[in-house]
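The values are calculated or read from the model by the stated rules, or taken from the named source; none is laboratory data. Predicted model, so just to flag it, every value in this text is computed and none were measured. Here the Cβ is made from the backbone with ideal geometry for all residues, glycine too, and neighbour counts use every protein chain on show. Just so you know, the surface numbers come from the protein's heavy atoms only, side chains and all, with ligands and any DNA or RNA stripped out. Shrake-Rupley method; radii C 1.70, N 1.55, O 1.52, S 1.80 Å.
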Protein chains: 2
Amino acid sequence: MEYFSKDISRLINELAHLPGIGPKSAQRLAYHIINGPKEQADQLADSILKARNNVHYCKICCTLTDSDICPICSSDKRDHSQIMVVENSRDMSAYEHTGKYNGVYHVLHGAISPMLGIGPEDIRLKELMARLKDDIEEVIIATNSSLEGETTATYLTKLIKPLGIKVSRIASGVPVGGDIENIDEVTLLRALDGRIIL
Amino acid sequence: MEYFSKDISRLINELAHLPGIGPKSAQRLAYHIINGPKEQADQLADSILKARNNVHYCKICCTLTDSDICPICSSDKRDHSQIMVVENSRDMSAYEHTGKYNGVYHVLHGAISPMLGIGPEDIRLKELMARLKDDIEEVIIATNSSLEGETTATYLTKLIKPLGIKVSRIASGVPVGGDIENIDEVTLLRALDGRIIL
């Protein structure tokens with residue numbers, strides 16, 4: 001891209017490294033940044049550096065946070081006897097968005113995948129096991145409904161149940177508002193198996 | 001979003017200001033930046049600052065560049081007697097991508113729009129007129145095929161033709177690979193009007 005100036009090319013290139021940003025979007029974003037107010041570009045660059053440098057894993061639940069202990073783990077308004085296990089911080093924030101879950105979380109940062117060579121030691125499982133003391137009443141497994149998520153759920157169940165702690169799995173089935181005719185067979189069978197007597 | 005750490009919330013917020021980036025994408029991008037290598041975040045922040053601070057308008061064609069004169073205007077391999085007028089640098093780069101245009105450009109940074117209150121003095125028209133000396137043979141108007149683009153094209157034609165310089169307009173019609181049945185009536189009529197005798 002000889003016709004672009006060096007600095008513009010570099011910015012486009014850096015932006016195109018981000019997930020879901022193709023060359024066209026990267027170009028649009030770059031021009032937006034260049035044409036926008038200088039303060040806005042400064043803010044963006046600063047927030048990237050601050051977030052990357054200050055954010056690390058919460059010492060309890062392993063979510064990403066800029067303090068030692070994340071706001072949820074340090075809140076006394078949450079029920080610390082209920083731990084929801086999720087694959088990543090995005091899944092945790094999806095459940096937080098519902099505003100209805102009052103327990104705490106544990107973020108695995110991945111799922112067991114024999115195919116990709118990801119074993120139990122590659123995810124934050126050791127940290128979860130260390131949390132399972134007497135005062136924990138329930139572990140809710142909210143890993144994805146994928147092969148890896150299910151494998152992880154099975155593995156966790158085998159590990160935690162013998163400790164005498166209640167283990168549950170979030171329901172799998174037809175999404176709310178979903179058209180049955182457009183839903184895959186596996187989900188339909190899952191919904192049937194998981195049916196609730198009215 | 002109380003459950004996010006301050007630095008993460010801020011980064012998500014800054015990213016969500018970018019065009020075409022919704023809250024979900026901003027979150028995904030933020031986690032990607034935080035989870036990625038530190039050097040990558042540093043590079044991204046640095047490229048934003050460099051591009052924003054070093055890039056300005058080319059003294060000749062008004063495109064965005066980090067030198068006084070952009071690479072195209074300073075190239076002696078280009079035909080400086082042919083000026084293609086475009087609305088913005090992205091349109092210029094789209095034509096450069098074709099690799100077939102060998103003239104130079106002029107970037108208006110907008111189009112005349114009475115609706116939005118953008119007049120001829122709000123775009124880089126004065127700079128274009130200053131370039132129209134004896135050695136210019138043709139001005140190719142490549143503004144968008146929108147109301148604003150057409151208004152600008154008409155205005156430019158009226159202004160430039162009396163100077164004895166050839167003025168042309170890029171063709172408007174059915175896009176290559178486009179299904180005629182899916183194309184709007186205005187475009188179809190435009191394609192008919194602009195038909196070429198074989």
> Along Cα→Cβ at 7 Å, what distances in nm separate the B:LYS161 label point from those on the other copies, shortest first?
Replying inline: 8.4
> Which is farthest toward the positive dipole end of chain A among A:PRO175, A:ILE33, A:ALA142, measuring Cα position about the Cα centre, with Cβ charges +1 (Lys, Arg) and -1 (Asp, Glu)?
Replying inline: A:ILE33
> Residues with amide H under 5 Å of A:ILE140's amide H, sequence separation 5 or more or different chain, H placed in the peptide plane at 1.01 Å from N; which?
Replying inline: A:ILE83, A:MET84, A:VAL85, A:SER168
> Using the Karplus equation 6.51 cos²θ - 1.76 cosθ + 1.60 (θ = phi - 60°), what ³J(HN,Hα) coupling, rounded to whole Hz, does each residue of the range A:79-96 give in order, writing x for Gly and Pro?
Replying inline: 8, 7, 8, 10, 10, 9, 8, 10, 6, 8, 5, 5, 5, 4, 5, 5, 5, 5
> Say the dipole of chain A comes from +1 at the beta carbon of Lys and Arg and -1 at that of Asp and Glu; which of A:MET129, A:THR187, A:SER5 then lies farthest toward its positive end?
Replying inline: A:MET129
> With the other protein chains left in place, how much accessible area per residue, in square angstrom, belongs to the range B:5-122 at a 1.4 angstrom probe?
Replying inline: 45 Å²
> Can you give the accessible area of B:SER25 in Å² (nearest 10), computed on protein heavy atoms with a 1.4 Å probe?
Replying inline: 40 Å²
> Just the Cα atoms of the protein assembly as shown: what Rg and Dmax do they give in Å?
Replying inline: 28.6, 92
>> Once you keep just the Cα pairs under 8 angstrom separated by 6 or more residues, what percentage relative contact order results for chain A?
In response: 13 percent
> Mind checking the mean number of beta-carbon atoms from other chains within 10 Å of the Cβ atoms in B:8-15?
Replying inline: 6
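Where in the range A:1-100 are there trypsin sites (Lys or Arg not before Pro) that are in a DSSP coil and have at most 13 other Cβ atoms within 10 angstrom of their Cβ?
Listed in order of number, the matching sites are A:LYS59, A:LYS77, A:LYS100.
Going through the cross-link list B:LYS6/B:LYS38; A:LYS24/B:LYS133; B:LYS59/B:LYS166; A:LYS126/A:LYS166; A:LYS6/B:LYS6; B:LYS38/B:LYS100, which pairs have a Cα-Cα distance over 30 Å in this structure?
Those over the limit are A:LYS24/B:LYS133; A:LYS6/B:LYS6; B:LYS38/B:LYS100.
Would you calculate, for chain B, the mean residue ellipticity at 222 nm contributed by helices, counting each DSSP H stretch of 4 or more residues as -39,500 (n - 2.57) and dividing by all residues, to the nearest 500?
-12500 deg cm²/dmol
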> Top to bottom by accessible area (1.4 Å), largest first, where do B:GLU150, A:GLU181 land?
Replying inline: A:GLU181, B:GLU150
>> If you wrap a convex hull around the alpha carbons of the range A:5-59, what volume per residue comes out, as a whole number of Å³?
In response: 93 Å³
>> To make sure I understand the rule: partners must be aspartates and glutamates, Cα under 12 Å from the Cα of A:LYS161, and not fewer than 8 residues away in the same chain. Which ones qualify?
In response: A:GLU137, A:GLU138
> Relative to the other copies, what are the label-point distances for A:ASP46, with labels 7 Å from Cα along the C-beta vector, expressed in nm at one decimal and sorted shortest first?
Replying inline: 2.0
> Other chains near B:32-39: what is the mean number of their Cβ atoms within 10 Å of each residue's Cβ?
Replying inline: 5
> Tell me, what is the percent relative contact order of the range A:83-152, built from C-alpha pairs under 8 Å that lie six or more residues apart?
Replying inline: 42 percent
> What is the dipole size for the range A:91-135, taken about its Cα centre, with +1 at each Lys and Arg Cβ and -1 at each Asp and Glu Cβ, in debye to the nearest 20?
Replying inline: 40 debye
> A:LYS133 label points, 7 Å along Cα→Cβ, one per copy: pairwise distances from this copy to the rest in nm, shortest first?
Replying inline: 8.2
> How big is the charge dipole of the range B:69-148 about its Cα centre, in debye rounded to the nearest 20, if each Lys and Arg gets +1 on its Cβ and each Asp and Glu gets -1 on its Cβ?
Replying inline: 180 debye
> Quick one: in chain A, whose Cβ comes closest to the A/B rotation axis, and how close in angstrom?
Replying inline: A:ALA45, 2
> What do you get for Rg/Rh over the range B:140-189 if you use C-alpha atoms and the Kirkwood form of Rh?
Replying inline: 1.09
> Translational D (Stokes-Einstein, µm²/s) of the range B:1-153 at 20 °C and 1.002 mPa s when Rh comes from the Kirkwood sum over C-alpha pairs?
Replying inline: 117 µm²/s
> Mind listing the phi-derived Karplus ³J(HN,Hα) values for the range B:136-144, rounded to whole Hz, using 6.51, -1.76 and 1.60 with θ = phi - 60°, and x for any glycine or proline?
Replying inline: 8, 9, 8, 10, 9, 8, 10, 6, 4
>> Using the Cα centre of the protein assembly as shown as the reference point, and only Cβ charges (+1 on K/R, -1 on D/E), how large is the resulting charge dipole? Debye, rounded to the nearest 20.
In response: 380 debye
